[in-house]
Amino acid sequence: MAPSAMAALATPNILAGDSPSQLRCEGAWVTRMLAPLEERIAAVAKDLGKEVLIDGSAITALDTSGAWLLHRTVRALELGGRSVRVQGLRPEFDALLQLVASRSVHVGEAAAPPLGRLTALGLAAWEAVRGAYGLLSFLGEAALTWARSVLDPRRIRWRAIFHNIQTAGFEALPITGLLSFLLGIVIAYQGAEQLRRVGANIYIADLVGLSMVRELSPLITAIIVAGRSGSAYTAQIGTMKVTEEIDALRTIGIGPLDLLVLPKVVALAIVLPLLTVYTDIMGIVGGMIMARAQLQVSFTTFLHRLEEAVSLTSYVIGVGKAPVFAVIIALVGCYQGFRVTGSAESVGQRTTVSVVQSIFLVILSDAMFSIAFSWLEI
Amino acid sequence: MTENVIEVRDLHTRFGTAVVHDGVSFTVKHGEVFALVGASGCGKSTLLREMIVLQSPVSGSIRILDREVTGLSDDEALALRRRWGVMFERGALFSALTVTENVTTVLEEHTTLSAQLRTEVAAVKIALTGLPPDAGQKYPNELSGGMRKRAALARALALDPELLFLDEPTAGLDPLSASGIDELVRHLRDALGLTIMMVTHDLDLLWRAADRVAVLGEGHILGIGTMPELAKSAHPLVHEYFYGPRGRAAREQAWKQR
């Protein structure tokens, strides 16, 4: 191969030679220019005699791909019961052809058969079972770690807990506050039209207060935190798994659950109720501003009515759901992180699954809370 | 067309106030296995990154395959990049793709070969690097360190480059795999007529595979030549490099084998 001659490359070609059993190759048989040649070979190689002579003296450049194509042609002809001779190749091209031929025994043997539909279904089902088993094992291990830490408080990683309180809680204040404020405005604005029609302006406090405190504020906070922190947990633990940091932790005798999972669960369980209280306030402030603008309900009247409308029970129920949501988000985020396998793509997949799953489970458990409370008539 | 595949002239690189290269010049001839050595942090890898247009020097010129690569536009860099292959220190295989797919992706991007031919060519490249045939179906994280390097080499060879850059081809390998790489490097050069530019710490690899070696240190080229020539160098740093305890062992080994 003459790399310096690459600048001017002749189009590679294969032609019928002087006699019916002769083929003549010419031009540069290099990777970039091979595509049209593939089809030509199929056309030319059809009507040939028993003994084929391939003349390679006009080949000006040959690389491994070109050599492979030539070798493949020769082999296909030989499989068709013909004897083939290649002649006239430059010595260096001939050496390359020999090299490729010597390696070609491997080619084509390695392809794995495609999976049947039933096999794929079975594998998917097995994967689901294993996932469920894995989740249970993870829950068990996390519970054990938690129990050990409670019995031996020195094991608790306070630094990690405080760090997580800052990143998942304090740094989430602006976005959760803004969103619940806007949510309060939206609810009040939508309710105002209806309430004005029946002259029940003052009930805007009931509407905003109850819906925010009991349902919306815990839910919106949990969803934002799942998107913000749950995904971060998965990505962090997943990347640590890819770089074998998790194994490193194990070998130096630090339980990965001790260091990575428990502090996150504890921190989120502390922070999410606090965030919920904060979003309660922001949502009600938003509703209050809208109530004054649309329904002429003053702040003092609104707050006075709020005291009567929102019972302590409703408030406690709203805030009390938050730690449950927190545990769900943290555990799902961490579990999905541990399920990452070796590749960068897997980190992305697991992060997506983590967010979808934790939001789904949060809303599902919220629905179950509602059902349970209505049975208990709270 | 000159015989020189790489020409580096008066190269200066600085990171902030830290001077990495302070006037580095050397040339690599066609068909040569050229090695760049030096202590950790002496700027070998930076120089490599500058040659493959991932980073720009402050001043100086780098000519590769008769093109000036400093200040190249993206399109021009692409044209040049198709003519060389790079093997990164940690392989940098795409972890979501199998080894075969890692190779065929490159072919798919730059050629119009049929899918069938692409797979076959990939299999040839994988076989050329000495990997077993079933390795093609595996994902990078299922391979051992040595196999990963070979797979990375197969990807670097995908477009039949004229020039191959190897960053630490034997780092992290056991002596047996490493000596396999030594042979592979020479074999590829002889069989495919490549020019090979490698950055390495491995003295055994230098003795066994490199035609010429440049020692980089203190921002300059401290010595350049064949291994026996360098071994006679009077420069204290070069001397220490080759006559430290490990250097001596590698030298004795190399002489015994000749």
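The values are calculated or read from the model by the stated rules, or taken from the named source; none is laboratory data. For clarity, every value in this text was computed on a predicted model and none was experimentally measured. We place every Cβ from the backbone using ideal geometry, glycine too, and count neighbours over all the protein chains shown.
Among the residues of the stretch B:107-129, what is the count of those that are touching a Lys or Arg at 6+ places or on another chain (Cβ under 8 Å), within 7 Å of chain A (Cβ to nearest Cβ) and outside any helix (DSSP H, G or I)?
Of the residues in that region, 1 qualify.
With respect to A:Arg32, is the statement that it is among the basic types (Lys, Arg) and either modelled with pLDDT of 80 or more or exposed (fewer than 15 other Cβ atoms within 10 Å of the Cβ) (or both) true?
Here the answer is no, as A:Arg32 does not meet what is asked.
Do we find a residue being without any contact (Cβ under 8 Å) to a residue 40 or more places away in the chain, part of a helix (DSSP H, G or I), among the aliphatic types (A, V, I, L, M) and surrounded by fewer than 16 Cβ atoms within 10 Å (Cβ to Cβ) anywhere in the stretch A:236-255?
yes
Provide a single number: the residues in the stretch A:31-49 that are touching a strand residue (DSSP E or B) at 6+ places or on another chain (Cβ under 7 Å) and either outside the structural domain of A:Asp94 (by TED's automatic domain parsing) or not β-branched (Val, Ile, Thr) (or both).
So the count comes out to 2.
Within the stretch A:228-255, how many residues turn out to be more than 13 Å from A:Thr351 (Cβ to Cβ) and either under 22 Å from the mean Cα position of the chain (by Cα) or within 14 Å of chain B (Cβ to nearest Cβ) (or both)?
6
Kindly provide the set of residues from the stretch B:1-38 that are more than 14 Å from chain A (Cβ to nearest Cβ), in contact with a helix residue (DSSP H, G or I) (Cβ under 7 Å, 6 or more places away or on another chain) and outside any strand (DSSP E or B), ordered by number.
B:Gly38, the sole residue that qualifies.
Going by the conditions given, is A:Gly177 within 30 Å of A:Gly230 (Cβ to Cβ), in the same structural domain as A:Ile270 (by TED's automatic domain parsing), in a helix (DSSP H, G or I) and under 32 Å from the mean Cα position of the chain (by Cα)?
yes
Among the residues of the stretch B:94-106 satisfying the criterion of being among the hydroxyl-bearing types (Ser, Thr, Tyr) and part of a loop (DSSP other than H, G, I, E, B), which is surrounded by the fewest Cβ atoms within 10 Å (Cβ to Cβ)?
It comes out as B:Ser95.
So is A:Ser137 part of a helix (DSSP H, G or I), more than 30 Å from B:Arg189 (Cβ to Cβ), under 43 Å from the mean Cα position of the chain (by Cα) and not assigned by TED's automatic domain parsing to the domain that holds A:Val340 or not?
It is true that A:Ser137 is part of a helix (DSSP H, G or I), more than 30 Å from B:Arg189 (Cβ to Cβ), under 43 Å from the mean Cα position of the chain (by Cα) and not assigned by TED's automatic domain parsing to the domain that holds A:Val340.
Please work out if A:Arg305 is in the same structural domain as A:Leu257 (by TED's automatic domain parsing) and closer than 30 Å to B:Asn102 by Cα.
So A:Arg305 does not fit the description; no.
Report, by residue number, each residue of the stretch B:130-143 that is more than 7 Å from chain A (Cβ to nearest Cβ), under 19 Å from A:Trp68 (Cβ atoms) and not in a loop (DSSP other than H, G, I, E, B).
Within the stretch B:130-143, B:Ala135 is the sole residue that qualifies.
Does A:Gly66 meet the test of being touching a Ser or Thr at 6+ places or on another chain (Cβ under 8 Å), more than 11 Å from chain B (Cβ to nearest Cβ) and at negative phi?
no
For the stretch A:149-158, which positions are of a type outside the set (Ser, Thr, Tyr), part of a helix (DSSP H, G or I) and touching a residue at least 40 places away in the same chain (Cβ under 8 Å)?
The answer is A:Arg155, and nothing else.
Confirm whether B:Val121 is within 21 Å of the chain's Cα centre (by Cα) and not small (Gly, Ala, Ser).
The answer is no for B:Val121.
Among residues belonging to the stretch B:50-82 that are under 18 Å from the mean Cα position of the chain (by Cα) and part of a loop (DSSP other than H, G, I, E, B), point out the one that is farthest from B:Ser25 (Cα to Cα).
Step by step, filter the stretch B:50-82, then rank; the result is B:Arg82.
State yes or no: is A:Gln349 at pLDDT below 95, more than 14 Å from chain B (Cβ to nearest Cβ) and farther than 18 Å from A:Ser180 by Cβ?
no
Look through the stretch A:126-148, keep the residues that are aromatic (Phe, Trp, Tyr) and touching a residue at least 40 places away in the same chain (Cβ under 8 Å), and return whichever of them is surrounded by the most Cβ atoms within 10 Å (Cβ to Cβ).
Checked the stretch A:126-148; the qualifying residue surrounded by the most Cβ atoms within 10 Å (Cβ to Cβ) is A:Phe138.
Of the conditions (1) within 14 Å of another protein chain (Cβ to nearest Cβ); (2) modelled with pLDDT of 95 or more, A:Phe325 clears all except one; give me its number.
Answer for A:Phe325: the failing condition is (1).
Take the stretch A:38-59 and flag every residue that is crowded, with 16+ Cβ neighbours inside 10 Å and over 50 Å from the mean Cα position of the chain (by Cα).
Those that are crowded, with 16+ Cβ neighbours inside 10 Å and over 50 Å from the mean Cα position of the chain (by Cα): A:Leu48, A:Val52, A:Leu53, A:Ile54, A:Asp55, A:Gly56.
Considering only the stretch A:280-294, I want to know if a residue exists there that is under 13 Å from A:Ile329 (Cβ atoms) and modelled with pLDDT under 95.
No, there is no match, as no residue in the stretch A:280-294 is under 13 Å from A:Ile329 (Cβ atoms) and modelled with pLDDT under 95.
Can you find a residue that is within 30 Å of B:Lys232 (Cα to Cα) and free of Cβ contacts under 8 Å to residues at least 40 places away in the same chain anywhere in the stretch B:202-213?
Yes - at least one qualifying residue is present in the stretch B:202-213.
Do we find that A:Arg196 is closer than 15 Å to A:Gly255 by Cα and among the charged types (D, E, K, R) in this structure?
It is false that A:Arg196 is closer than 15 Å to A:Gly255 by Cα and among the charged types (D, E, K, R).
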